[in-house]
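Single-structure report; data block below.
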Amino acid sequence: MTHLNPTFAELGVRDEIVRALLEDGKEHPFAIQELTMPMALAGDDLIGQARTGMGKTLAFGVPLLQRITTDPQRELSGIPRALVVVPTRELCLQVYSDLEIAAKYLTAGDRRLTVTSIYGGRPYEPQIEALQKGVDVVVGTPGRLLDLAQQGHLQLGGLSMLVLDEADEMLDLGFLPDIERILRQIPTDRQAMLFSATMPDPIITLARTFMNQPTHIRAEAPHSAATHDTTEQFAYRAHALDKVEMVARILQAEGRGATMVFTRTKRTAQKVSDELAERGFKVGAVHGDLGQGAREKSLKAFRTGDVDVLVATDVAARGIDIDDITHVINYQIPEDDQAYVHRIGRTGRAGKTGIAVTLVDWDELPRWTMIDKALGLNTPDPAETYSSSPHLYEELNIPADVTGTIGGPQKTQAKRPPTEKSADRPARNRDRTRRRTRAGEPATAHATAAPTDQASPDTEASTDGAPKRRRRRRPRKAAASAG
């Protein structure tokens, strides 16, 4: 295969990092990496903008590692020299893993360069102990970083590199005040990099306050962030009672590999995970009701292939960065068009193709219409579809003889929380017109309506937007009286 883009070595990356990346199967940089590295290696502040899955971690990680290990004026002493701030625990572990791989052959004097992860949901003691032993690069979430800094365990005065990763997600999660407090504790004489998929006004303002004449780098044209050219997208109008059955059939499509199933609520995520496990699928769940240990166990099983289906809420899925996902299924539609883009961005990465399937319930149609119009998907009224519909099998390459189960019940990757009762509403507004949603189709004007379901991600809302039934208590029989 002929590559027009240069190798990491040709970009000036030091031999030890090149060797480690090559062993990990990485020789040629992605677009954001190729555009970013020359300026980052020269010490410039920069803003990198690219959607999920474009290789942002190495775009800042390689220059970060190289600059702190080649600075002739400052030797590595075990006081943190580089800080990477990320919005979620999952992303923290992902970035930490990528930096560990790239730093495999780097040394600091007579010891190996050390990278550590600092995040909430885990005991303080091991993280404090790691800092006391000496750390060169820290990757962490804002709350725990600030906490350990205020306690005096994390020293920020020796930093020469600062990275804010997924800055727009940190804004969405309300971390901006914590970020500003961290920024006040670090030296002004340091290199800074900010990476974000989108650039809302508060992020632009933040960048102006702590960066020195940053260069803004976009790895793609702004309009291409809306839809993914390598992902084939389908939307079907589905009945709530039939959704799990549909998912079970889709999971048996030809060529189906690692798959993510997205829900809006924690309870729905666990319910769907449990039901798929009962049908014999190897499935894990990641949502806010699970402890950090259970979430990490599910993610590890998904990465290693022990489970090939991961059911997740939007909040819990932030930071999951796995390249080989073939299918994304939106069991419940997301809150808005940006959340849709983030979800389907989990597949079709690094030049590979992927399939995104969205199941739209009748009461979700108003919100779907808004998403469809915003992204120009040209499918405002998806085809009414059931688990037995021939077009579902034809369009998604599902063998005609599959059933809703593939074997005996599997052990789930997480404990099941209390189930909730839900009543599903009858079908209405049936329309047999079938339309396929594909990326890149021209947008057409459609009337919009206000969304009817205001359930927020990872909330305790009803599973499928259905009202809960109240169980009637039957009176006990009176005891027979003695004659």
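Computed with a 1.4 Å probe over protein heavy atoms only, the accessible area of Thr326 comes to about 30 Å². When you count the other C-beta atoms within 10 angstrom of each residue and take the mean per peptide, 206-215, 402-411, 297-306 line up highest first as 297-306, 206-215, 402-411. Each label point was placed 7 Å from the Cα along the Cα-to-Cβ direction; for Thr304 and Lys411 their separation is 1.2 nm.
Tyr119 accessible area, nearest 10 Å², 1.4 Å probe? Roughly 20 Å² of Tyr119 is accessible to a 1.4 Å probe. Loop-resident trypsin sites (Lys or Arg not before Pro) (DSSP state other than H, G, I, E or B) in region 1-101 with no more than 15 further Cβ atoms inside 10 Å of their Cβ: Arg74. Each Cα pair of region 55-213 feeds into the Kirkwood radius, which the Stokes-Einstein equation turns, at 37 °C and 0.692 mPa s, into a diffusion coefficient of 210 µm²/s. Applying a threshold of 19 Å to the alpha-carbon distances of Lys26/Lys300; Lys26/Lys282; Lys297/Lys411; Lys56/Lys133 flags Lys26/Lys300; Lys26/Lys282; Lys56/Lys133 as lying beyond it.
Taken per residue, the accessible surface of region 1-108 reaches 42 Å², heavy atoms only and a 1.4 Å probe. Relative contact order for region 149-209: 46 percent, from Cα pairs under 8 Å spaced at least 6 residues apart, divided by residue count.
For the residues Asp336, Asp178, Asp361, Asp201, a 1.4 Å probe over the protein chains yields an accessible-area ranking, largest first, of Asp201, Asp336, Asp178, Asp361.
A crude spin-label estimate for the pair Glu278 and Lys352, with each label 7 Å from Cα along the Cβ direction, gives 3.1 nm.
Out of every Cα-Cα pair that region 133-283 contains, those further apart than 27 angstrom amount to 49 percent.
Could you order Glu90, Glu16, Glu10, Glu180 so the one with the most accessible surface comes first? Probe is 1.4 Å.
Order by accessible area, largest first: Glu10, Glu180, Glu16, Glu90.
Relative contact order of region 182-309: 17 percent, from C-alpha pairs under 8 Å at least 6 residues apart in sequence. 3J(HN,Hα) along region 81-89: 9, 9, 10, 10, 9, 10, x, 10, 5 Hz, from the Karplus curve 6.51 cos²θ - 1.76 cosθ + 1.60 with θ = phi - 60°, whole Hz, x for Gly and Pro. Dividing the mean sequence gap of close Cα pairs (under 8 Å, 6+ apart) by how many residues region 15-168 holds gives a relative contact order of 28 percent. For Glu23, the solvent-accessible surface with a 1.4 Å probe is about 100 Å², rounded to the nearest 10.
The values are calculated or read from the model by the stated rules, or taken from the named source; none is laboratory data. Fair warning: this is a prediction, and the values are worked out from it, not measured in the lab. Heads up, the Cβs are rebuilt from the backbone with ideal geometry, glycines too, and the neighbour counts pull from every protein chain shown. Just the protein is used for accessible areas: all its heavy atoms, side chains included, with ligands, DNA and RNA removed. Shrake-Rupley method; radii C 1.70, N 1.55, O 1.52, S 1.80 Å.
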